[in-house]
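Since the structure comes first, as structure tokens, the remarks are kept for the end.
The values are calculated or read from the model by the stated rules, or taken from the named source; none is laboratory data. This one's a predicted model, so the numbers in the text were calculated from it and none came from an experiment. Cβ: placed from backbone, ideal geometry, glycine included. Neighbour counts: every protein chain shown.
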Amino acid sequence: MFFRRPAAKRTKPAKTLVVLGSGGHTAEMLMLMDSMPLQLYSPRTYVVAATDPMSGNKALTREQKWQKTTSPTGFVVHQIPRSREVGQSYITSIGTTLYSLVFAFGLVFLERPEMVLVNGPGTCIPICAAAFVYRVLGLGRAQIVYVESIARTRRFSLSAKLLYHLRMADLLFVQWEALAKTYPRAVYAGRLY
Amino acid sequence: MPAAERQVFVTVGTTKFEALVERVDSLELLRLLKEKGYTKLVIQKGNGTYSPSNILPKGQTTGTTEGVQVEYFDYSPSLAAYITSSALVISHAGSGSIFETLTAGVPLIVVPNPLLMDNHQVELGEQLAAMGHLVSAAPDALLDAVRGFDASKLLPYEKGSASGMVRHIDRQMGFVP
């Protein structure tokens, strides 16, 4: 969608890294995945904030449902330090952001995903930055797909702004047509809810 | 549930929203609900410290006041069941609660929390209100919103679908041409 072309016709499953951003972000992401042909997006790595134990549990519950077994396989859940808590000052968040970045570069290097699927909030930025830098350096080949929250009807979130303006996302979805008019490289393809 | 029961469900989800709980802890609101034919008020108050004390004797979580059954609790894993069995939902502006209510076809008044720092929740409430799917009101304007509320004026919300996004993603990855 941006300046890189889609991959050539493939049938081999793509290793997928999904960031579950907590609360409504996690809910929207799992809704999207409900509709995806997950046998093609496999194995899966979930990244959750260390402060958000709920999302890891939700991923497990959903994998059980998708795989129709109480002991699903082919996925892992990693915890990442959060770059900025709601309400944390921007000053103290610099230190934690740096830590998140180091962690994300390590994780993405080890996991080597072919697709990074994210929908905010800030937790997803270090992961996207790592995936993007590795690709620029020829050390990775992850496609970065971002879905802006349905709550954003007129203005981008900070995450969306960064990924859009730095052209880090290969596909950036918005869920309101008006937003796609403001940001022409964004894609409106319907709403999750 | 008796056929004549018309329940109003107030929900703050997993958030803390004292201003909303305080506003619904009102005898005036209770009388208004009764006037409009509602018989029951259920409040999911979340993890805030404020507990209703005007519409129920302090420390009591259920009772009947002004001819309306009243009940409150902190949280329930089955908020969806409360939503679908209600005649009106008054909700915080979280997208989960909003769309759960809209897709269940239950009339909705949304109250965005003015204390949220980056208040994009107001955006969603206003957008859907402008489209005619719900009514959005500040906590201070809730009473008036209930007074003027007419469920028959709301337009049904047509549920979205992820299939469009999935098609784009599959194409991006080369799984489909």
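Restricted to segment A:29-55, and to residues that are buried (at least 18 other Cβ atoms within 10 Å of the Cβ) and of a type in the set (G, A, S), which residue is farthest from the other protein chains (Cβ to nearest Cβ)? Among them, the one singled out is A:A49. Taken as a whole, the structure leaves B:E158 outside the set of residues that are buried (at least 16 other Cβ atoms within 10 Å of the Cβ), within 12 Å of chain A (Cβ to nearest Cβ) and either more than 14 Å from B:L88 (Cα to Cα) or not polar (S, T, N, Q) (or both). Among B:L154, B:L102, B:L108, which is touching a helix residue (DSSP H, G or I) at 6+ places or on another chain (Cβ under 6 Å) and of a type in the set (A, V, I, L, M, F, W, C)? That would be B:L108, the only listed residue that is touching a helix residue (DSSP H, G or I) at 6+ places or on another chain (Cβ under 6 Å) and of a type in the set (A, V, I, L, M, F, W, C). The residue list A:F75, A:F103, A:F132 contains one member that is over 15 Å from A:M29 (Cα atoms), free of Cβ contacts under 8 Å to residues at least 24 places away in the same chain and surrounded by 18 or more Cβ atoms within 10 Å (Cβ to Cβ), which is A:F103.
Checking B:L115, B:L124, B:L143, B:L56 one by one, the residue that is of a type in the set (A, V, I, L, M, F, W, C), in contact with a Ser or Thr (Cβ under 9 Å, 6 or more places away or on another chain) and under 17 Å from B:T15 (Cβ atoms) is B:L124 and no other.
Is it fair to say A:R84 is assigned to a loop (DSSP other than H, G, I, E, B), in contact with a helix residue (DSSP H, G or I) (Cβ under 7 Å, 6 or more places away or on another chain) and either at pLDDT 95 or above or under 18 Å from A:M168 (Cα atoms) (or both)? In short, no. Can you tell me which residue is farthest from the other protein chains (Cβ to nearest Cβ) among those in segment A:138-193 that are part of a loop (DSSP other than H, G, I, E, B), within 19 Å of A:S35 (Cβ to Cβ) and in contact (Cβ under 8 Å) with a residue 60 or more places away in the chain? Among them, the one singled out is A:S149. Checking each residue in segment A:15-38 for being among the hydrophobic types (A, V, I, L, M, F, W, C), within 15 Å of A:M54 (Cα to Cα) and in contact with a helix residue (DSSP H, G or I) (Cβ under 6 Å, 6 or more places away or on another chain) picks out A:V19, A:L20, A:A27, A:L30.
In segment B:118-129 there is no residue that is touching a Gly at 6+ places or on another chain (Cβ under 8 Å) and more than 22 Å from B:L79 (Cα to Cα). A:P121 meets the conditions (1) modelled with pLDDT under 95; (2) part of a helix (DSSP H, G or I) in every case but one. The failed one is (2).
Selection within segment B:94-118: residues that are within 10 Å of chain A (Cβ to nearest Cβ) and assigned to a loop (DSSP other than H, G, I, E, B). The member of this set that is surrounded by the fewest Cβ atoms within 10 Å (Cβ to Cβ) is B:M117.
Annotation note: of B:L102, B:L115, B:L20, the sole residue that is more than 17 Å from the chain's Cα centre (by Cα) and within 30 Å of A:F156 (Cα to Cα) is B:L115. The set of residues in segment B:136-158 that are touching a residue at least 24 places away in the same chain (Cβ under 8 Å) and farther than 26 Å from B:F17 by Cβ comprises B:L155, B:P156. Within segment B:71-84, is there a residue that is among the hydroxyl-bearing types (S, T, Y), more than 24 Å from A:H25 (Cβ to Cβ) and either touching a strand residue (DSSP E or B) at 6+ places or on another chain (Cβ under 9 Å) or within 12 Å of another protein chain (Cβ to nearest Cβ) (or both)? Scanning segment B:71-84, I find at least one residue that is among the hydroxyl-bearing types (S, T, Y), more than 24 Å from A:H25 (Cβ to Cβ) and either touching a strand residue (DSSP E or B) at 6+ places or on another chain (Cβ under 9 Å) or within 12 Å of another protein chain (Cβ to nearest Cβ) (or both), so the answer is yes.
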